[in-house]
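The structure under discussion appears below in the form of structure tokens.
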Amino acid sequence: MNAFLAPLAGGALIGASAALLLLANGRIAGISGIVGGLLGPASRDWAWRVAFLVGLFAGPALFRATAGHWPQVRIDASWPMLVGAGLLVGFGTRLGSGCTSGHGVCGLARLSPRSLAAVATFMAAAIITVFLVRHGLVR
């Protein structure tokens with residue numbers, strides 16, 4: 001039952017945080033846009049961006065405080081593969097004018113056609129990638 005409730009609770013928290021940010025600040029909870037706003041020219045709205053990111057990084061610590069152990073993460077990819085994947089995700093984020101959180105969580109909820117196209121594209125790429133890797137066609 002925990003295998004169902006934990007993801008359900010996580011999804012509800014993600015949705016609630018995205019809705020709260022939209023209602024409180026009128027901003028979309030897209031991580032690439034939030035971080036990009038901090039890295040650009042001097043921004044007047046840096047406080048909420050920093051608070052949002054601190055909340056993201058505090059999540060695992062809160063998990064440890066409540067569960068008594070750190071979340072278990074298993075990564076089987078090599079460092080070069082992780083760096084390459086990160087660069088491709090960053091390129092796709094710039095190309096698609098947003099990331100999975102901005103398009104997938106917020107954009108779809110707002111019925112944005114651009115977000116629907118973006119989500120369809122990155123989901124198709126993910127499905128093809130998993131198929132190729134699982135069948136040994138790419139290592």
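The values are calculated or read from the model by the stated rules, or taken from the named source; none is laboratory data. These figures come from a predicted structure and were not determined experimentally. Methodologically, a virtual Cβ is constructed for each residue, glycine included, from the backbone with ideal geometry; neighbour enumeration extends over all protein chains shown. We work out accessible area using only protein heavy atoms, side chains counted, and drop any ligands, DNA or RNA first. Shrake-Rupley method; radii C 1.70, N 1.55, O 1.52, S 1.80 Å.
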Considering only protein heavy atoms and a 1.4 Å probe, what is the carbon-and-sulfur percentage of the accessible area of the chain? 72 percent
Dividing the alpha-carbon Rg of the chain by 2.2 N^0.38 Å yields what? 1.18
Measuring from a point 7 Å past the Cα of A9 along Cα-to-C-beta, which residues in the stretch 60-89 have an amide N at less than 15 Å? 60-72
Students sometimes get this wrong: rank H135, H103 by accessible area, probe 1.4 Å, all chains present, largest first. H135, H103
Considering only V50, V73, V89, give the residue with the highest GNM mean-square fluctuation for the chain, with springs between Cα atoms whenever their separation is below 10 Å. V73
How much net charge surrounds G98 when only other residues with a Cβ under 14 Å from its Cβ are counted (Lys, Arg +1; Asp, Glu -1)? +4
When the helix-only estimate is applied to the chain (DSSP H runs of n ≥ 4, each -39,500 (n - 2.57), divided by the residue count), what is the mean residue ellipticity at 222 nm, nearest 500 deg cm²/dmol? -23000 deg cm²/dmol
For the stretch 93-139, using Cα atoms only, the Rg and Dmax in Å read 12.6, 38
Using the scaling law 2.2 N^0.38 Å as the reference, what is the normalised Cα Rg of the stretch 1-79? 1.33
Could you tell me which trypsin sites (Lys or Arg not before Pro) in the stretch 28-114 are loop residues by DSSP with no more than 13 other beta carbons within 10 angstrom of their beta carbon? R44, R74, R110
Among all helices in the chain defined by DSSP H, which have a length of 27 Å or more along the axis from Cα atoms plus a Kyte-Doolittle mean of at least 1.0? 2-25, 46-67, 113-134
